[in-house]
Structures are given as C-alpha cells and as structure tokens.
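See below for the structure under consideration.
The values are calculated or read from the model by the stated rules, or taken from the named source; none is laboratory data. These figures come from a predicted structure and were not determined experimentally. Quick reminder, even Gly has a Cβ in these numbers, built from the backbone with ideal geometry, and neighbours come from all protein chains shown. What goes into the accessible areas is simple: the full protein's heavy atoms, side chains included, and nothing from ligands, DNA or RNA. Shrake-Rupley method; radii C 1.70, N 1.55, O 1.52, S 1.80 Å.
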Amino acid sequence: MTNGTAIVVGASHAGAQLAASLRQEGWDGEVVLLGDEATLPYQRPPLSKAYLAGKSTLQELTIRKAEFYAKQQIQLVDARVESIDRARGRVVLEGGRTLPYDKLALCTGGRARRLTIPGADLSGVHYLRTFADVEQIRESSQLGRRAVIIGGGYIGLETAASLHALGLDVTVVEAAERVLERVTALEVSAFYERIHRDAGVTIHTGAVVEALSGEDRVRGVRLADGDELAADLVIVGIGIEPNTELAAAAGLLVDDGVVIDDHARTSDHDIVAAGDCASHLMGRYGRRIRLESVPSAGEQAKVAAATLCGNDRTIRALPWFWSDQYEVKLQIAGLNTGYDEVVLSGDPISDRDFSCFYLRAGELIAADCVNRPRDFVFSKRTIAQGLPVDRAELLTAGAT
Amino acid sequence: MGVVTFVSHDGEKHEAPLDEGQSLMQIAVDNMVPGIDGDCGGEAACGTCHVIVDAHWSDTVGLSEPVEEEMLSMNPERQPTSRLSCQMRVSQEWDGLIVQLPEFQM
C-alpha cells in the first residue's frame, strides 16, 4: 500500500463517483465514503420525477449495488462529519470519533433552502431533496388532495407534474412574473405554463407567499395580495444552499461554493471538492460558477479522483441539464448567461416540441430542447467544440 | 452467469458478468468499464452510454429503438448497430456478447 487513506465526505452523486474513480485511477490505499442518509448512494434527479410519481423504486435508484463497494474495498460509513482538523490531517465525526486522512474529498452537496415565513414549521410542509423527503411527501399526500407548491423552478414544476400524476389537485405559486424566470427565455417559460395549465395544474405568477396557516398541520397558503389558497400539503422548492460550513470552518476558501481549480483542488492541495458544493472558475465562462448538475458533479468527481492519484485531468465538459414533466423531456446544453438573441425552431405556443437556441454575438452558447433530442445532441457538440453555426442550420438541425 | 465484453476504442477488452435483467449500462457502471458514463442514470437523456454492437450479435440483441435513435442520429460516431446501453435489458442468451465503445461519448 502506498497511497494511504482517502476520505470522501458526502455519498451522493459526486462522492459515490469520486470513490469509484479513485479505484479506477489506481488508488491502492483505503477509501472511506462517509454519508448521512443510511442508504446506498442513489440517483437524486428521479426523486421529483419518476420516483415521486411512483414509477420507480428506491432499488432502481441505487447508483451501484452494495457488492460493488465491497468488491472495490470502499468502506461506506453512515456518519456526519463535525469538523476537519487540517493540521492533524483528520476529520472529527459527530460523537467525537476521529478518522485520519492522507487525502480528503468534500462532496457535501447542498440542502433545500428553507422558508422563513410564519407557519413554515407546520407539519405538512415539505422540501424535496432526499429520498426521506419524498417518503414524507407521499405520506402527506394520503391525507388530502390539495397540494400547493411554492416555487416555479425545475424542482417545483417537476413535482407539480408528478403529484398531478398521482391524482392530486396541484397549485404552483411563483413570486416572479413567470416560471423558470432565472433560467430560460420568455418563450420557454410560457410553454411550461401552458402545458401545466393544460394538464389542470393552477399556476399563480407574481404571487408572493406571506404566511402558511393552520393549527398544527398546514391548511392554507396566504399570499401578499390577501388571497388564501387551501392546502393539505405544501412543497417548497425555492433552491438549494451549498453545504460549505465544514470547508469554511476549516479555513478553506469559500465563495458561494468551496473554491476549486481546474483539477478540483481546493485552496489546500490535499483536499479536493466536487459537485453542488463546489465553485469552479470555468474558463468557458470566465467566471466562478457553482453548478447544480449531476453530469457536472460526475465530471468534477472524476477529475478530483485523478488529481488525488497524481494523474493530470482537468474539468472542461460543457454543462448540461435535463427535466421531465408529463411526457415532455427538456434537455439543456450550456448556460445561456449573457445571450443577446434567441432563435426558435418550432412553435412553443402550439407545439409539444421545439428548441430555443441562445446566441451571443452570433455564436451558439446554449439551447433548451423540448422533446428534441436531435437538437440537443447537435447543440451540445456545436457549443462544446465552438463550431460556427448559421441560423438556417439551427432550424433544420433536429428536424425529423 | 454469462459474460459480456466491452472493447474500448483502442482495443482494450473489459469483461463483465452478464447480470440478467440489468441494463447493459448498469453492468458497465458496476464493473467500472472505462468509457461508459451513464450520466443521466438510464433515461436516454444524455447519450453517454453509446455502444456499437458486434455485427454478429445484432440479430440477437436487436437494433436501436426510436428513443435511442433520437439521441444517436446526430452522433458522428454512430454506426448501423449503435445502441444506448441503458436501453438494453440483458438476457441470458446474450452470453458472449461483444460491444465496441466509441472514441468519445456525447
């Protein structure tokens, strides 16, 4: 044995991939994967999609079976880390136990941002980040039919579609003037509002929630304009906050996320970070970005593992995302920040498939592809490789 | 239990046990076959589990389904027997199956 002990803090997408990649990259010492959910690492994206809608089981969500970790000699430990003692090279677990490390990986992810309005702690108010969260939502959904979802982002809208599939009456409340305002063009927001309304989901935009009402269990959602929406359960999807406290307390550089370089190294080169908790200066965008994306977590984890093993790899993949709502699959290539032109292929007002291409100074920088996988594949390649594109090509790329 | 062989673009072979009922992508992930990413976890959303089925095996395992076709058709490494391995449910008759991996995944 030459490598010593690698400890991975956090056993979701990034942590599970990082531990596996350590073996693939040749780490011959101990690998310890610390998680606090008492389950094998599992896929998070389906939680608000197929899993909530009852179309898949926890076993199907498991990223790798238990035998994999045994065979690869990856020790899965159910524990929370309380602090990192960099001077002594060890982590301190809750309860006081310490574990020495030679290399450390922070894959601590994020947590659902909490509501801080009156009534937020009533029972029947849920968040959606973990398997346990979904179990609670399912239980609540047995007690009444009226679900109010606070937040019209991807999580909120996916949850709306899934709860609608379960037969609930669903209302989405969004503070901004349109759903998905932060992430998509006007036309894409309008499309999603339409398909949800067509399905029978009520959407209130420009609606600020002032309080949740109820004695013990939530009974209503009060809006700033005085309206009150009846609710048997409330699901809050207003974004996540990165779990960076451990890193910050240990004196690592944190700027929104744990700051990492192209090799996924933090400001301490014995410590790497990957996933939702990490903030990476992306050469492609010329700024530090904390991505909340499974593919990105996977890539950062692979790079981080290579780095710990002394192999030279850099983070460079194009970010991409996907979202399933009803029978509509959205695939997003690239980040649209700073676009100055939108080109539409198909008609989002009447069709069920279209693409919205984002250009800056004539160059394709991102694409939202709705039921248009061909456009997505085309866009991802074009953007990743910086290929020139003419508008006519955009309009025919994914035509079937 | 049978065996499936993944052949990387540079000719390196990776054998994995044929776990009936699993997807071929899951088998690759469980056995750390390099070159199969499976970024989306098997939803045919990412195209990072592309394999090219050995021509002799094509009749047995079948050609790509429409959902795969959507993701494969714009892929420059696409071959007539290309599949997304996440959509391939492994059966015991596939013992000895050989698939090639592309140079690059999506």
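Restricting the range B:70-82 to residues that are within 14 Å of chain A (Cβ to nearest Cβ) and in contact with a helix residue (DSSP H, G or I) (Cβ under 7 Å, 6 or more places away or on another chain), the residue that is nearest to B:SER23 (Cα to Cα) is B:SER82. Taking the criterion of being in a loop (DSSP other than H, G, I, E, B), touching a residue at least 60 places away in the same chain (Cβ under 8 Å) and farther than 20 Å from A:ASP85 by Cβ, the residues of the range A:1-42 that qualify are A:ASN3, A:ALA11, A:SER12, A:GLU25, A:GLY26, A:TRP27, A:GLU37, A:THR39. When the range A:30-78 is filtered for residues that are under 21 Å from A:VAL9 (Cβ atoms), open to solvent by 20 Å² or more (accessible area, probe 1.4 Å) and touching a Lys or Arg at 6+ places or on another chain (Cβ under 9 Å), the ones remaining, listed by number, are A:ASP36, A:LEU40, A:ARG44, A:GLN72, A:GLN73. Taking the criterion of being more than 11 Å from chain B (Cβ to nearest Cβ) and more than 23 Å from the chain's Cα centre (by Cα), the residues of the range A:23-51 that qualify are A:GLY26, A:TRP27, A:ASP28, A:GLY29, A:GLU30, A:VAL31, A:VAL32. Take B:SER85 and tell me if it is in contact with a strand residue (DSSP E or B) (Cβ under 7 Å, 6 or more places away or on another chain) and within 14 Å of chain A (Cβ to nearest Cβ). So B:SER85 fails the test. In a residue-by-residue description of the range A:352-365, the property of being modelled with pLDDT under 95, of a type outside the set (S, T, N, Q) and open to solvent by less than 50 Å² (accessible area, probe 1.4 Å) applies to at least one position. Out of all the residues in the range B:1-11, is one or more within 13 Å of chain A (Cβ to nearest Cβ), out of contact with any strand residue (DSSP E or B) (no Cβ under 6 Å at 6 or more places or on another chain), open to solvent by 30 Å² or more (accessible area, probe 1.4 Å) and not polar (S, T, N, Q)? There is no residue in the range B:1-11 that is within 13 Å of chain A (Cβ to nearest Cβ), out of contact with any strand residue (DSSP E or B) (no Cβ under 6 Å at 6 or more places or on another chain), open to solvent by 30 Å² or more (accessible area, probe 1.4 Å) and not polar (S, T, N, Q). Taken over the range B:27-36, the criterion of being facing chain A (nearest Cβ under 8 Å) and either of a type in the set (Lys, Arg) or surrounded by fewer than 22 Cβ atoms within 10 Å (Cβ to Cβ) (or both) is satisfied by B:ASP30, B:MET32, B:PRO34. The set of residues in the range A:366-400 that are open to solvent by 20 Å² or more (accessible area, probe 1.4 Å), within 14 Å of chain B (Cβ to nearest Cβ) and of a type in the set (A, V, I, L, M) comprises A:ALA384, A:LEU387, A:VAL389, A:ALA399.
The set of residues in the range B:42-69 being free of Cβ contacts under 8 Å to residues at least 40 places away in the same chain, in a loop (DSSP other than H, G, I, E, B) and within 14 Å of another protein chain (Cβ to nearest Cβ) consists of B:ALA45, B:SER64, B:GLU65. Filtering the range A:310-351 to residues that are within 14 Å of chain B (Cβ to nearest Cβ), over 18 Å from A:LEU387 (Cα atoms) and open to solvent by 10 Å² or more (accessible area, probe 1.4 Å) leaves A:ASN311, A:ARG313, A:PHE321, A:TRP322, A:ASP324, A:GLU327, A:LYS329.
Taken over the range A:283-300, the residue count meeting the criterion of being more than 20 Å from A:GLN331 (Cβ to Cβ) and touching a strand residue (DSSP E or B) at 6+ places or on another chain (Cβ under 8 Å) is 4. Of all the residues in the range A:306-334, those that are part of a helix (DSSP H, G or I) and in contact with a strand residue (DSSP E or B) (Cβ under 8 Å, 6 or more places away or on another chain) number 2. Among the residues of the range A:191-218, those identified as over 24 Å from the mean Cα position of the chain (by Cα), assigned to a helix (DSSP H, G or I) and not basic (Lys, Arg) are A:ASP198, A:ALA199. Inside the range A:165-180, residues that are outside any loop (DSSP other than H, G, I, E, B) and farther than 16 Å from A:HIS126 by Cβ make up a count of 2. For the subset of the range A:53-74 comprising residues that are at the interface with another protein chain (Cβ under 9 Å from one of its Cβ atoms) and part of a loop (DSSP other than H, G, I, E, B), which member is nearest to the chain's Cα centre (by Cα)? Ranking the candidates gives A:ILE63 first.
Summed over the range A:79-90, residues that are open to solvent by less than 50 Å² (accessible area, probe 1.4 Å) and not in a strand (DSSP E or B) total 2. Can you find a residue in the range A:352-362 that is within 14 Å of another protein chain (Cβ to nearest Cβ), touching a helix residue (DSSP H, G or I) at 6+ places or on another chain (Cβ under 6 Å) and not hydrophobic (A, V, I, L, M, F, W, C)? The answer is yes, given that some residue of the range A:352-362 is within 14 Å of another protein chain (Cβ to nearest Cβ), touching a helix residue (DSSP H, G or I) at 6+ places or on another chain (Cβ under 6 Å) and not hydrophobic (A, V, I, L, M, F, W, C).
To keep it simple, each residue is scored yes or no on (1) open to solvent by 50 Å² or more (accessible area, probe 1.4 Å); (2) within 21 Å of A:GLY239 (Cα to Cα); (3) touching a Ser or Thr at 6+ places or on another chain (Cβ under 6 Å).
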residue	(1), (2), (3)
A:VAL92	no, no, yes
A:ALA105	no, no, no
A:ALA112	no, yes, no
A:VAL134	no, yes, no
A:LEU143	yes, no, no
A:VAL148	no, yes, yes
